[in-house]
Every structure is written in structure tokens, then in C-alpha cells.
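Asker: Below is one structure. I have some questions about it.
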Amino acid sequence: MRRFPVLFSAAILGLSGLIQAQAQTPAPKPTPDVLVFSNGDQLTGKLERVAGGNAVFKSDMAGELTISLDKVKELRSGEKFALLRKGIPVTKADAPTGTVDMAGGNVVLTNPGHEPDTVPTKDVNYLIDKDSFDRQIARKTKFLQGWNGTVTGGATVVRATDNGTTFTAAVNLIRTTPVVPYLPPDTRTTVNVAESYGKLTTPLIPPTDPPTPPSVAKTSIFHTDAEHDKYFSPRFYALADLSFDHNFSQGLQFQQVYGGGVGWTAIQKPKQQLDLKVDLHYETQQFIQQLGVPNVPSVNLIGSTFAETYHYNLPHGILFTETGDVLPGWNDMTAYSANGTATLALPVYKRLSASFSTTDNFLNNPPPFNKKNSYQFVTGVTYTLH
């Protein structure tokens, strides 16, 4: 009876050793991809992608290289890729997939169980690995992925007879899905936050006895907005938007806007883009109540926003951005406002840029003794996130 536990234990140990030995056996390495140049030179490694007439190839010896297809005689990859043709809208159904064999001016995709697909090399717009392509087609992008934008900051400090401090900060974020350039846009989300705060303290000269408190002047201008666009064609989209504003200089305590509308990308080129938008919204304005001034009641409006946004990529990496909007109130035509901003960003070092921005805010119905117009000129340092 004692021999059975011994034999059973030995069998278990033998089976465990066999499983461990199999687990430690390394998986066979995939066959490396091969790229042959027109002059006969050859590279082995991994094909990353083909885009814009160039192949991105990662070699163990030479690192990641971008090579024009004109200089490639042959290209072979055992990994599955999706091929996107020039001038043809992309869907999952019309994108052939398979292993890659490029030679003789053609790209052949081989997929087991299907006839090979042959496409002239000159008609190839993209070759994307199949897993990445399937994820983008299925819109499987996490919310925190794909965000691009800038962060800008600036400050002015004065310490003398007068003491003054001014801080400016802005965050501008944008996320478009799919997050790749070879698929038409499905959604776009933008978030913008800007704050300008300053305080200037000036003593009374000559001083009095007893001392008179110094005069204090404050500046506080805050703006934030968010917009979500849903595309129903490459250039037309529906949108939902909101914005919040505070401007101490105009006596505006708090302004809220919630709306929905439509947008149109009127110009869409590699170097420039122009968007035109209109919405119908609910708007409320609350004003700062000051001593000695009659109270100003809050205003509730049904209005619209007519807006435009323009981007232009200048030579040497300089970026010009301009936005403008007009907000009429349909139930009170005197309660309208307008805003305009122009920004020029000059690259300095890697992701850092020097930015010059001018902003004008107009409020037609401020409290008594407050000016309708508020103007800012801000210089700062901008960091590009992606």
C-alpha cells in the first residue's frame, strides 16, 4: 500500500518536470522581413508600415529607416498587413490583407484561403499592420489616448514702489478619432482653458499720517470651452458645445453657454484648415455687484454662436491660429458679445515654442461704468504635447 503514494508522487514530479521543460523551450523566432534595394543591398528586420510612398523599416543593425519605394527592388514580410489604395475611401470590406511580397512594380498580398491580391506599387497609399488597422476600424481607442495640444505659460513680476504680478496660462487639447491619418474622422473633441490673473499694488505718495492703505488693482480673465463633433461626412459634422467666462474688467461675474449645432470644414489642406460653425444655445450672464452702483440683474438668453477657426502652417514650423465668434441673443438683441484671438507660435527648441497671442472680448451690456471692450496681448512659452 505504501508503494502507491510513492509511484503517484513520482508521476506528478515527472509530469511537472515535462511541463516546465516545455515552458522553458523558447518559441521559434518569426522569419525576419527582407528589404532589397535597387542596387542589390539587403536589409533584414521588420516592416513597420508604408505611407506616402515611403517604407518604414526597422533593422537590428541600422535602426529605423524611412526609405522611398522608388529605391526598393523587393520587400517581403510574413506579417499580415492591410493595404489602402490612393483615392479610395477606406472601409474594412475593401481593404485587402495578407502577407506582403513587393517586386516588379506590384504589391502582392497573400491570405490563406483567398486569392492573392495584386496592386500596383504606385497605387499604394498605406500598408498598416492588420491588428492596428482592425483596432482603428472598430474604434477601439481609449478615451485617454490620442490627445494632442499645447500648454502655454507666462508671468510678469514687478517689485519696486509699485508691486505687480501677472500670470497667464492656457491649455488647448484636441482629440480626433480614429487617431490615424489614413481613416476619415469619426469624432473630434476639443478642450480649451485660459486664465490671466494680475494684481498691482500702488502706495499713496506722499504718504499720509495715519497711513492710507495702498490702492489695489486686480485683473482676472478666465475662459474655458469644450466641443464634441460627430462627423457624418469628411467635412460636415454635428456638434455639442459649452463655455464658461469670467471677466473682472468688464464686470462679468460668470457667463455660461450650452448649445448644439453644425459645422463645416470649408478648407482642408495639408498646410491650412478653416472651420465654420453655428449653434443654437442657452446662455446666462451674471454680473459683479458693486457698492454705490444699482444692482444689475442676471440675463437669460436664447442665442446662437457664429464661429470660425483657422490654422495655417507657415515655413520653418511656424504655426498661425485664429478664432472668432459672435453671440447674438435672439430674445434680447442688445445682449450680444463677440470674441477674437490670433496666436503665432515660433519653434525654439524641440517641443518648446515662443508664442504671441492677442485677444479681444466685446460685451455689449456690461454693468454701468465698465467698458464694453477688453483687450489682451500675451507673450509666453508653449510646450507641444504631441
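Asker: Examine segment 63-78 for a residue that is farther than 22 Å from residue 118 by Cβ, assigned to a loop (DSSP other than H, G, I, E, B) and of a type in the set (Asp, Glu), and state whether such a residue exists.
Answerer: no
Asker: I'm trying to understand the selection: among the residues of segment 273-292, which are loosely packed, with under 14 Cβ neighbours inside 10 Å and at pLDDT below 95?
Answerer: Listed by number, the residues that qualify are 289, 291, 292.
Asker: How about segment 86-120: which of its residues are part of a strand (DSSP E or B) and either within 17 Å of residue 136 (Cα to Cα) or in the same structural domain as residue 181 (by TED's automatic domain parsing) (or both)?
Answerer: Hit for segment 86-120 is 97, nothing else.
Asker: Strands (runs of 3 or more DSSP E) wholly in segment 287-386 with at least 3 residues that are small (Gly, Ala, Ser) and in the same structural domain as residue 276 (by TED's automatic domain parsing) - which ones?
Answerer: Once the strands (runs of 3 or more DSSP E) in segment 287-386 are filtered for at least 3 residues that are small (Gly, Ala, Ser) and in the same structural domain as residue 276 (by TED's automatic domain parsing), what remains is 299-313, 337-349, 352-363.
Asker: Could you tell me whether any residue of segment 123-133 is farther than 18 Å from residue 30 by Cβ and either of a type in the set (Asp, Glu) or exposed (fewer than 14 other Cβ atoms within 10 Å of the Cβ) (or both)?
Answerer: yes
Asker: In segment 159-187, how many are assigned to a strand (DSSP E or B) and out of contact with any Gly (no Cβ under 9 Å at 6 or more places or on another chain)?
Answerer: 3
Asker: Quick check on this structure: which one of 219, 201, 176, 212 is of a type in the set (Val, Ile, Thr) and under 20 Å from residue 311 (Cα atoms)?
Answerer: So the residue among 219, 201, 176, 212 that is of a type in the set (Val, Ile, Thr) and under 20 Å from residue 311 (Cα atoms) is 176.
Asker: Follow-up question, since we're still on this one. Kindly evaluate residue 187 against the criterion of being in contact with an Asp or Glu (Cβ under 8 Å, 6 or more places away or on another chain) and under 28 Å from residue 218 (Cβ atoms).
Answerer: For residue 187, the condition - in contact with an Asp or Glu (Cβ under 8 Å, 6 or more places away or on another chain) and under 28 Å from residue 218 (Cβ atoms) - is not met.
Asker: To continue, here is another question. Can you tell me which residue among 375, 310, 349 is under 20 Å from residue 251 (Cβ atoms) and either touching a helix residue (DSSP H, G or I) at 6+ places or on another chain (Cβ under 9 Å) or without any contact (Cβ under 8 Å) to a residue 60 or more places away in the chain (or both)?
Answerer: 375
Asker: I've got another one for you. Looking only at segment 187-203, decide whether some residue is in contact with a Ser or Thr (Cβ under 6 Å, 6 or more places away or on another chain), acidic (Asp, Glu) and in the same structural domain as residue 356 (by TED's automatic domain parsing).
Answerer: For segment 187-203, residues in contact with a Ser or Thr (Cβ under 6 Å, 6 or more places away or on another chain), acidic (Asp, Glu) and in the same structural domain as residue 356 (by TED's automatic domain parsing): absent.
The values are calculated or read from the model by the stated rules, or taken from the named source; none is laboratory data. Nothing here was measured: the structure is a model prediction, and the numbers come from that model. With ideal geometry, Cβ positions are generated from the backbone for all residues, glycine too; neighbour counts draw on all protein chains shown.
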